[in-house]
Every structure is written in structure tokens, then in C-alpha cells.
Amino acid sequence: MRKAVIDVGSNSLILVVEEFDGHAWQRLHEMTAVTALGEGTKETGQLGERGIVASLKALARMYAEARNLGVDSIKAAGTMALRIAENRAEFMTRAAAQDTPVFVLSGDEEAQLGFNSVATDPAFEDFSRISIVDPGGQSTEIVTALRTPQGWDVHFRQSFPVGTLGLRGGMLGGESPDGGAILHTTVYLDDLLGLNYLPGGAGETILLGATGTNLVSIREKLTAWDPDRVHGAYLDYEEISKAVGWMMPMTDAQRSAIVGIEPGREKTIHIGALIAERCLHALSSPGCRVSVRGWRHALLEQGLPASETNR
């Protein structure tokens, strides 16, 4: 059995194709396109035409790629940008018209699926308490749970309305934010996260999404994507803070020249690093493991959470 899931994110689209060999799901193919679908959406309430066109083109390529691989099913799901956009129906109508339909995940679904992708991962099976942090373009999810004989007991789960694209279009606008803007944003993030999470009970923290994978790729100076080297790698709080410090003053062109960065991430990697740093601060975590998996893998392998209506 082969399945495909397309993550229609606020900043990028990601295709994952897996095959079930009778025992476990095996990765066959992945494909990423940075399209900035949600650029400016938090400020205007609208998906911009440029982001829509780029995302629809990427969506068509990914559907075609999956179909060429002979998949049995394809699901494309959108996240925060589509949740908040007043014109999301237009995007979804245009997607359906080109035979690449998309549905929208709720914030709770996105958070729970992100957690599930870690909770079922053999790389993290020795951890009895875990927290996942998943910074995206327009939202950031945090889930904390304890492993029990009956399964996972979720202590905290929330999708916060803050992400890299939203901050780039607001408090951290421009290519090289100054110290005042960084301080203002730090205080905002600490207030947002700290008022909602009781620190000290995070356990092992796992960082999902492009921020973590790019920070590891940059540290290791990877010139080609190597998920086996990135998955499970550890980032400590201090090195994430240092990444914020040296990338914030750069221009987009300077960040794009960093060895290891994924093309298209130069506009947001410094902001993602700041969000990750403040999440670790809120959780009182000294560092985090990095996962190359995400909610898309859980959706492919397990479907939507049992409490939700299947789509």
C-alpha cells in the first residue's frame, strides 16, 4: 500500500510518500516547495495572489508526482494560513478545479497529529514524557504528554497564533530586525507562551518543522539533504540563542548563502530560531531533539485523531 500526504503550510508545501511493507511504513519520496502562501495573511486577512499561484503550481506538481508513484490515496491538508484567511474558499475552489483538492486541519488536529508523529517514532521510544514544539509560518504548536501503560496522557496541547511569516510581516518586519524589535518580540512571545504553560514538566523536548532541520543542517554544513543525519540530532538552548544572534542582523541574501540552509528559508529561519528559543525557555528545557517527521506523517500512517471526523 502506498499513500501520499501534502502539507499545505503557511510558508511551504511538503509532499511525503510512504509504502507499507506489511510491518511498517517506509519513506519512498519527499518534496518541498517554499511558496509563502500565508505571507501577509495575518495582517490583511487575505491569501495573496502571488502565494496562491505559487502554491497551486506546487500542489499540482506534488499531486502529479504522487500519482506517478502509483499511490493508493492522496490527502492534502492546510494549516493556519487557510484557517484564518477570509478568502480560503477561493483557494480551495481553485485547488479542486485543477483536481488537487485540499481540506483544512483545525489547530487541535495539527497539534495532536504532530505529537502522534513523535509518539510513534522508534527514535524516541525510550522517553516517558515528551513535549513537541512545532513552529510554523502562522502558528506554533506545543503538546506535552506522559507515557502510561494505557497510552499517552496528554497534559497540555495548544496551537498558538504566532509564526515566522506573521512575525516577518509584523514585529520583525524587514530583512535585519534591530535590537529593539527583537526585544519587543521576545517579550511578546514570553508573555504569550509563559501565561499558558506551567514550566518544569516538559520532559524530553522534540522540535518539529523546518526551523529545527535547518539549524542542524547549518550546524553540520550539509550541502545535500540527509534526513538520517538530522533526525534525532540534539540542539541545546545556547546554540539556538547564538543562531538567533548571528542570523538576525543578516540580510536575506546573506542568510541564503549560509551553507546548509534550505533555499527559500532565508526570510524566516532567524525568526523560527527565536520562536524555538522562547518555547524552550517557556518549557524550561535545556535543549531539544529534532524530528524530520511531522503531522503529515501521522496523518498518512494513522489518519485523523479518532475524536475527529475522517475526511
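The values are calculated or read from the model by the stated rules, or taken from the named source; none is laboratory data. Quick caveat, the model's predicted, so the values are computed rather than measured. All Cβ positions, even for glycine, are placed from backbone atoms using ideal geometry, and neighbour counts span all protein chains on display. Side chains are part of the model used for accessible areas, which takes the heavy atoms of the whole protein and leaves out ligands, DNA and RNA. Shrake-Rupley method; radii C 1.70, N 1.55, O 1.52, S 1.80 Å.
Ordering D21, D190, D134 by accessible area with a probe of 1.4 Å, largest first, what comes out? Please report the intermediate quantities before stating the final value.
Numbers: D21 85, D190 45, D134 20 Å².
Result of the area sort, largest leading: D21, D190, D134.
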Taking a ≥ b ≥ c as the square roots of the eigenvalues of the Cα gyration tensor, with a/c under 1.5 meaning rounded and otherwise prolate when a/b exceeds b/c and oblate if not, the stretch 151-242 is oblate
Dipole of the stretch 196-311, Cα-centred, from +1 at each Lys and Arg C-beta and -1 at each Asp and Glu C-beta, to the nearest 20 debye?
180
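Where does each of M248, M80, M171 land when they are ordered by accessible area, with a 1.4 Å probe and the largest first? Can you show the working numbers first?
Working: M248 5, M80 30, M171 60 Å².
So the residues, ranked largest to smallest area, are M171, M80, M248.
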Distance between modelled label sites at A89 and W246, nm, 7 Å Cα→Cβ extension
5.0
What net charge is computed for the residues neighbouring S159, neighbours being all others with C-beta under 10 Å from the C-beta of S159, Lys and Arg scored +1, Asp and Glu -1?
-3
Amide H neighbours of V104 under 5 Å, at least 5 residues apart or on other chains, H built in the peptide plane: list them.
G78
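Work out the length of the dipole vector of the chain about its Cα centre, built from +1 on the beta-carbon of each Lys and Arg and -1 on the beta-carbon of each Asp and Glu, and round it to the nearest 20 debye. Numbers along the way, then the final one.
Values: 28 positive and 39 negative charges, 94 e Å.
Dipole of the chain, to the nearest 20 debye: 460 debye.
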How large a share of the accessible area of the chain, in percent, is made up of carbon and sulfur atoms when the probe is 1.4 Å and the other protein chains stay in place?
52
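Let me know the shape class of the chain, please: from the alpha-carbon gyration tensor, a ≥ b ≥ c as square roots of the eigenvalues, rounded when a/c is under 1.5, otherwise prolate if a/b is greater than b/c, or oblate. The partial results should precede the final answer.
Numbers: a/c = 1.40, a/b = 1.11, b/c = 1.27.
Rounded, since a/c falls under 1.5.
Please compute the length gained on full extension between M1 and D191, using 0.36 nm multiplied by the number of residues separating them and subtracting their Cα-Cα distance.
Details: separation 190, 0.36 × 190 = 68.40 nm, distance 4.60 nm.
The span from M1 to D191 would gain 63.8 nm if fully extended.
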Which whole-Hz ³J(HN,Hα) couplings does the stretch 183-194 yield from phi under the Karplus relation 6.51 cos²θ - 1.76 cosθ + 1.60, θ = phi - 60°, glycine and proline marked x?
5, 4, 5, 4, 4, 4, 5, 5, 5, 5, 7, x
Of the candidates T164, N87, V154, the farthest towards the positive dipole end of the chain (Lys/Arg Cβ +1, Asp/Glu Cβ -1, centred on the Cα centre) is N87
Grab the Cα-Cα distance for S106 and A253, subtract it from 0.36 nm times how many residues apart they are, and report the gain in nm with one decimal.
49.4 nm
With all protein chains present, calculate the accessible area of Y234 using a 1.4 Å probe and round the result to the nearest 10 Å².
80
Can you compute 3J(HN,Hα) from phi for each residue in the stretch 205-218, using the Karplus curve 6.51 cos²θ - 1.76 cosθ + 1.60 with θ = phi - 60°, rounded to whole Hz and x for Gly and Pro?
9, 10, 9, 9, x, 5, 4, x, 5, 5, 4, 5, 4, 5
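Return the FRET efficiency for the residue pair T148, L183: r is the Cβ-Cβ distance, R0 is 35 Å, and the value is rounded to the nearest 0.05. Provide the component values of the computation, followed by the final result.
Working: r = 41 Å, r/R0 = 1.18.
The calculated FRET efficiency here is 0.25.
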Starting from the Cα of A97, step 7 Å along the direction of its Cβ; do the same at S128; then give the gap between the two resulting points in nm.
5.7
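From the gyration tensor of the Cα coordinates in the stretch 1-136, what semi-axes in whole Å does the equivalent ellipsoid have, largest first, with each one equal to sqrt(5λ)?
Working: eigenvalues 142, 83, 24 Å².
They are 27, 20, 11 Å, listed from largest to smallest.
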Would the stretch 164-311 count as rounded, prolate or oblate if I go by the C-alpha gyration tensor, calling it rounded below 1.5 in a/c and otherwise prolate when a/b exceeds b/c, oblate otherwise?
oblate
With a 1.4 Å probe and all protein chains left in place, how much accessible area per residue does the stretch 10-162 have, in Å²?
42
Non-local amide H neighbours of G287 (under 5 Å, H modeled in plane, Pro and chain starts lacking H): which ones?
Y237
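May I ask you to give the solvent-accessible area per residue for the stretch 251-311, in square angstrom, as obtained with a 1.4 angstrom probe?
Spelled out: the 1.4 Å probe surface of the stretch 251-311, per residue, equals 36 Å².
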For q = 0.14 Å⁻¹, what log10 I(q)/I(0) does the stretch 1-41 give under the Debye formula with an equal point scatterer on each alpha carbon and no solvent?
-0.39
For M31 and Q46 in one chain, what is 0.36 nm times their gap in residues minus the Cα-Cα distance, to one decimal in nm?
2.8 nm
